[in-house]
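Written below as structure tokens is the structure these notes are about.
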Amino acid sequence: MAEFIMEAIGNIFHPLTLVLMNLGVFLGIIFGAIPGLSGNLGIILLVPFTVNMRLSDAIIFLTAIFCGGEFGGSISAILINTPGTNSATCTMLEGYPLAKRGHARKALMTALSASFIGGIISSLALLVFAPAIASFTLKFGPPEYFAMSFFGLSIIASLCGNSLSRGLIGGCIGILLSLVGMDSITGSTRFTFGVVELLRGLTLIAILTGLFAIPNILEKIHVKDAGKEGAQIIQMDKKDKLTLAELLSMKWLILKSSVLGCIIGAVPGAGAGIASFISYNEAKRTSRTPEKFGTGMLEGIAAPEAANNGVTSASLIPLLTLGIPGSPSAAAMIGAFSLKGLSLGPTLFRNQAGIMYTIMAGLVLVNVFMLLQGTFLSGLAARITKVPETVLAALLVVICAAGAYSVNGSALDVKVFVLFGGVAYVLGLMKIPAVPVVLGFVLGDMVDYNLRRGLTMCGGNLWVFITRPITLAILVLMILFLAYNGIQNARGSRQIRESGDKA
Amino acid sequence: MKKRTADQKGSRGPALYRIPTHLTAGCFSIVLAVAAACLIPGQIKVSGQTGITSRTIPFFLSGIIFLLGCWLVFASLVLKKEDYKEVEISQETRRGIFMGALAVYVFVMDWIGFLISSLLMGAFVLWYMEDKKPVHYGIVSACVVVIYGVFRFLLGVSFVSVWGV
């Protein structure tokens, strides 16, 4: 392990890697700061740019966008009262009132410091836990992989709110789409309609851009004052500093929120939004002055920001060790791996350990660059939020088309991108969420392949999935996860009903 | 689709439609499942395969989609559980036209090349969003050329091209 860490340290200080880290953080801050865009969308759009990069550089670049995006969301939340990302909503509740009182810079520095600490703790969690989980999962055979991918699909339950059936329909559509192309076991073709280019299957990046970027563009079409410039930005006073005493007074809160963010991030499907809401509520619950929340409390900024950056690296744990993406951005990273001809999972740690450690160590450094860029470039990022929606929409269309085209150098992928934009639009009208479609698409091939391999291994005996201890444990975990989600959803529905009755 | 006019809401405004999403998603799923099941025999050849074949999972998924669709229709029509989505017809028409324009863009790309079609599309998006500032047209056009240049020369992507661009 020590040799891999030494190799990683050598790799991350490569000049190009350092440039890419900074570029990723900068782009992430910009994507996060512009309301309507997000770090997630940034990753999806920029995956094609990683085609000529080394794998470790590509993943560090993409994760840097994610880290920067989580902090960037707080810039617009604090300075223009519009959260750049949904995970910055809680930051806005405290940050904007504080900024209006003349403490915009202090609010931003609180968000940045908490984001930095959350990000560092998350990176260390990845560095410690991912190799351990990966070495355990080396014992997995096809039945275990099937159980694991099936567990991955159960994440759909946590992604589709109170309509499990519509989420499942989305998931099934995604799995069906993943089967397009050549069957990896028998070599027969599936749903190719005689199109030779479809033999390799549908391209993940084309689907992701279609499903997530086009609804974003269609939202911008809806904006009535699209040609006008953005909202007024609150100016920052350079003398308004966050003192060390103020930061130290929140040390335990930041630490707790960061750990909470790591735990939530490691659970596929949960994400930064949930982490920041839970941490904000926890900060309010344990505060000596909970009545002051909503008026500009520093604790109310630090907790959600530590948590949403705590999610960033930890969310890579299930992706790197098991190949299970917990979010669209993680799915996009699978696209980056497949561009290099690699598939995710525990064997990656065995065969590409140096690269894996480079990625994990690089993420620590990414957070340092985020702290530096956040300190000096927040004002610039705030000004970029004034880019008119019309210009953004036009550029998004072209970047998406170019990105989809570039993956395989095929015009068919651009058509797939537009087709899936239409699919996202139609599904949206029926409130069928798009995220389960992506999850189904990413995991579908894994489910199909491992189910059939597992059954072939055991002469068609389905009991193999219950009698093997690891598969049984995974399936029990899945049932507990589904039960927990069911209870949470029932609670949520009851609360909505009760608040409706009161109204 | 139920129509709800602005007058019914007691305020002036555009006409709203309420889409019964359970019923619509249910019908959509049933049609999709049947279509997939009909396509499978023609699209997936399984000569010589026995037991679990290449068709097994697709058939299984079609069945699940069908059952989920039936459940949604049952919930809507029999249990009277419905979840409506309100849409503004004028906005949806605008979105529909925009999707049509995107479709034209990708097909025209094969004829006039990536760069020219993207320049035209960029200008169309600005015009469609009623942006009248010439400087925005200039910025978008310049950015399209830069994007093309980055992909073409830095990333080595060979775009569909006409007259060398």
Give the residue that is farthest from the other protein chains (Cβ to nearest Cβ), with candidates limited to residues of segment B:39-58 that are in contact with a helix residue (DSSP H, G or I) (Cβ under 6 Å, 6 or more places away or on another chain) and not aliphatic (A, V, I, L, M).
B:55
For segment A:125-194, please list each of the helices (runs of 4 or more DSSP H) lying entirely inside it that holds at least 2 residues being facing chain B (nearest Cβ under 9 Å).
A:164-178
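Residue by residue, here is whether (1) at the interface with another protein chain (Cβ under 8 Å from one of its Cβ atoms); (2) within 23 Å of the chain's Cα centre (by Cα) holds:
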{"residue": "B:121", "(1), (2)": "yes, yes"}
{"residue": "B:126", "(1), (2)": "yes, yes"}
{"residue": "B:134", "(1), (2)": "no, no"}
{"residue": "B:137", "(1), (2)": "no, no"}
{"residue": "B:143", "(1), (2)": "yes, no"}
{"residue": "B:152", "(1), (2)": "no, no"}
{"residue": "B:156", "(1), (2)": "yes, no"}
{"residue": "B:159", "(1), (2)": "yes, no"}
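Could you tell me which residue of segment B:29-69 is surrounded by the fewest Cβ atoms within 10 Å (Cβ to Cβ), considering only residues that are assigned to a helix (DSSP H, G or I) and touching a Gly at 6+ places or on another chain (Cβ under 7 Å)?
Checking each candidate, the answer is B:30.
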Kindly indicate whether any position in segment B:88-104 is more than 8 Å from chain A (Cβ to nearest Cβ) and touching a Gly at 6+ places or on another chain (Cβ under 9 Å).
yes
Can you find even one residue in segment A:347-370 that is in a helix (DSSP H, G or I), without any contact (Cβ under 8 Å) to a residue 40 or more places away in the chain, more than 14 Å from every other protein chain (Cβ to nearest Cβ) and under 22 Å from residue A:35 (Cβ atoms)?
no
For segment B:48-59, does any single residue satisfy the condition of being aromatic (Phe, Trp, Tyr), touching a Ser or Thr at 6+ places or on another chain (Cβ under 8 Å) and under 30 Å from residue A:186 (Cα atoms)?
no
Would a scan of segment A:26-42 turn up a residue that is touching a strand residue (DSSP E or B) at 6+ places or on another chain (Cβ under 9 Å) and surrounded by 20 or more Cβ atoms within 10 Å (Cβ to Cβ)?
yes
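Each reported figure results from applying straightforward, stated rules to the coordinates on display, with no laboratory input. All figures in this text were calculated on a predicted structure; none of them were measured in a lab. Heads up, the Cβs are rebuilt from the backbone with ideal geometry, glycines too, and the neighbour counts pull from every protein chain shown.
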